[in-house]
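Only one structure is covered here, and it is reproduced in the block below.
What follows draws every value from the coordinates through simple rules; no lab data is involved. Because the structure is predicted, anything quoted here is derived from the model rather than measured. Don't worry about glycine lacking a Cβ; one is built from the backbone with ideal geometry, like all the others, and counts go over all protein chains shown.
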Amino acid sequence: MKIDRLIGILSVLLQKEQTTAPELAEQFEVSRRTINRDIDALCRAGIPIASMQGTGGGFRIMDGYRMDRTVLSSKDVQVILAGLRSLDSVSGSRYYSQLMEKIQSGSSRFVSGRDSVLIDLSAWNRERLAPKIEAVQDAIENHRLLRFVYYAPSGESEREIEPYYLIFRWSSWYVWGWCHARKDFRLFKLNRMDQLRETEQTFEGRQVPYPDLSNETVFPGGYQVKVLFAPEVKWRLIEEFGPDCFTETEDGRLLFSTSYTDPESFLTWILTFGAKAEILEPAEARETLRRTAQELKEVYE
């Protein structure tokens, strides 16, 4: 995109004493004529760029424009690269890796050879996830509708949405958009989508509220539970709820209580602990788990 290229060219000019049109054209993979138009655009924006012809010539920002050529510190550049690297981990294209190369080449004296922050946003099914992320990004940029089959606890359905935000939250990727079926904004999990495709139909942007992604909104409590856990699963409780989520009983077991979202989610979670968890409250959850255990026993006998 042009704005990305303009920012990149400006970054190079701020970090280097001087550069040439051929160098910029090669770095940003465009023609020299495009670079010259970009330089004109930067000049019209108020950036005083001097142009010198002939041998030893090129472009540079006039000395009187600023006292310090360093816009970004070494730490700033490292943080930006860490963020780009994390996006590159789920990207289906070379866009972010090329952007990293451009930033690194323009800031080489500020970038150390050692990266201290590594973020990988990919999942075990990256091969299926990356094309979905790219399709959502393209649809958002092109203002085109997305269609897909969606699998939810209530069943599967075909959806058509106006996409507005691509979101990474709770270790998963989501798209926030206006659902034509529900006539409202909805959050859709990419891993639950199938046959995702960008249509040729465009949409007019509407007033879009920023999605409220707080745990209290998306996962409202209200279902009070109390469970006794075996000491061997302490690490899981600490990992998921923190070290203050339980108290130790005299026999060494861990008394845990919290407000869960709904009975189904709670029982699904409890079953992952096998016999190392005993539900104390509510009584109906205890009874439901007892029946489930009996049904499992019959299946495996």
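How much net charge surrounds residue 172 when only the other residues with a Cβ under 12 Å from the Cβ of residue 172 are counted, with Lys and Arg +1 and Asp and Glu -1?
Net charge in that neighbourhood comes out at +4.
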Net length gained if the chain between residue 158 and residue 51 were fully extended (0.36 nm per residue, minus Cα distance): 32.9 nm
Computed lengthening from residue 20 to residue 197, 0.36 nm per intervening residue step minus Cα-Cα distance: 59.5 nm
Where labels lie 7 Å past Cα in the beta-carbon direction, separation of residue 36 and residue 264 in nm: 6.5
HN-Hα J in Hz across the range 184-200 - Karplus 6.51, -1.76, 1.60, θ = phi - 60°, x for Gly and Pro: 6, 6, 9, 10, 10, 7, 4, 5, 9, 8, 9, 6, 6, 8, 8, 8, 8
Alpha-carbon gyration tensor eigenvalues x 5, square-rooted, for the range 126-214, Å: 17, 15, 14
The range 182-290: C-alpha pair distances exceeding 19 Å, %: 59
Computed label-point distance, nm, for sites residue 142 and residue 180 using a 7 Å Cα→Cβ extension: 1.6
Long-range Cα-Cα pairs in the range 2-65 (distance over 13 Å), rounded percent: 59
